[in-house]
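**Student:** I am attaching a structure below and will ask some questions about it afterwards.
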Amino acid sequence: MLQHLLPTWTYAAVEKIPADGPVVLADNLSAAATPQGPCILHQLNFSIQRHQHTALVGPNGSGKSTLLRLLAGLITPQTGSLQVLGTTPRRGRPAIAYLAQNLQLTPNFPLCVRDLVAMGTYSRLGWLKPKQAKEDRVEQALATLALQSIAQRDVHQISGGQLQRALLARALAQQATLLLLDEPFVGLDRGSRAIIEEFLFQSTPAFTVVMATHDSADLHRCHQTIALRDGEIQSGGGYHV
């Protein structure tokens with residue numbers, strides 16, 4: 001569980017994030033899903049601007065999840081270059097939040113919703129910052145994702161939709177700049193989906209969002225679509241919708 005939920009960059013220095021320029025810039029980017037694995041992504045060229053919502057689309061196996069893991073700094077390119085927030089994804093990690101698909105929780109690990117959300121404060125505020133600053137940020141995040149009523153509930157006793165909202169609240173408490181989502185609406189109940197949609201597509205975006213999706217409705221709410229097939233960007237895949 002800790003591998004998925006604890007920020008792996010808790011003590012990393014926070015890079016100075018440029019005020020302008022693209023949040024993501026890929027140049028001839030190629031990569032494998034594992035260090036010794038075959039190349040899955042081939043010579044990708046694209047950019048993503050600040051506060052832009054980008055949909056990653058394509059059939060299963062086209063490389064969407066691998067690209068998200070690249071942006072999160074969990075794997076490194078084989079060739080080409082990738083800049084995230086003006087630096088490498090690994091150095092930009094304190095400002096990146098990544099929600100993987102099908103998160104599996106370790107059974108019987110004691111963790112309540114509030115503590116899960118509070119983990120988001122560690123990467124920016126550290127362990128020794130004033131307690132009140134952390135608590136204020138956590139309370140705001142819980143309220144934004146409508147989680148106050150279940151804040152003390154064990155994460156093993158909440159629905160998948162509530163867990164997804166808690167993970168988004170953690171990203172908000174983290175004050176992340178780039179939010180990476182892998183099929184964020186799969187299996188959600190109607191209430192949680194409505195809350196998450198309002199949060200993600202609000203008029204003043206809190207994040208730059210990159211989301212893998214199979215839902216055509218998401219495309220019309222995104223500024224840009226990157227269409228992948230066999231690890232390559234399809235012609236017209238960067239069009240605005």
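The values are calculated or read from the model by the stated rules, or taken from the named source; none is laboratory data. Not measured: the values here are computed from a predicted model. Positions of Cβ are generated from backbone atoms using ideal geometry, with glycine treated the same way; all protein chains shown enter the neighbour counts. Just so you know, the surface numbers come from the protein's heavy atoms only, side chains and all, with ligands and any DNA or RNA stripped out. Shrake-Rupley method; radii C 1.70, N 1.55, O 1.52, S 1.80 Å.
**Student:** Do any residues in the range 36-64 that are under 25 Å from Ala217 (Cα atoms) and in contact (Cβ under 8 Å) with a residue 60 or more places away in the chain have Cβ atoms under 7 Å from those of residues that are acidic (Asp, Glu) and open to solvent by less than 20 Å² (accessible area, probe 1.4 Å), where the two are at least six apart or on different chains, and which pairs are they?
**Tutor:** These pairs meet every condition: Ala55/Asp218.
**Student:** Then there is this: Filter the range 93-115 down to the residues that are open to solvent by 60 Å² or more (accessible area, probe 1.4 Å) and modelled with pLDDT under 80, then identify the one that is nearest to Leu82 (Cα to Cα).
**Tutor:** Per the criteria, the residue is Asn102.
**Student:** Show me the helices (runs of 4 or more DSSP H) entirely contained within the range 155-241 in which 2 or more residues are modelled with pLDDT of 90 or more and open to solvent by 10 Å² or more (accessible area, probe 1.4 Å).
**Tutor:** Filter on the range 155-241 gives 160-174, 190-200.
**Student:** Among the helices (runs of 4 or more DSSP H) contained in the range 30-130, which hold 2 or more residues that are farther than 27 Å from Leu188 by Cβ?
**Tutor:** The helices (runs of 4 or more DSSP H) meeting that bar are 122-125.
**Student:** Among the numbered criteria (1) charged (D, E, K, R); (2) at pLDDT 95 or above; (3) within 17 Å of the chain's Cα centre (by Cα), which single criterion is violated by Asp27?
**Tutor:** (3)
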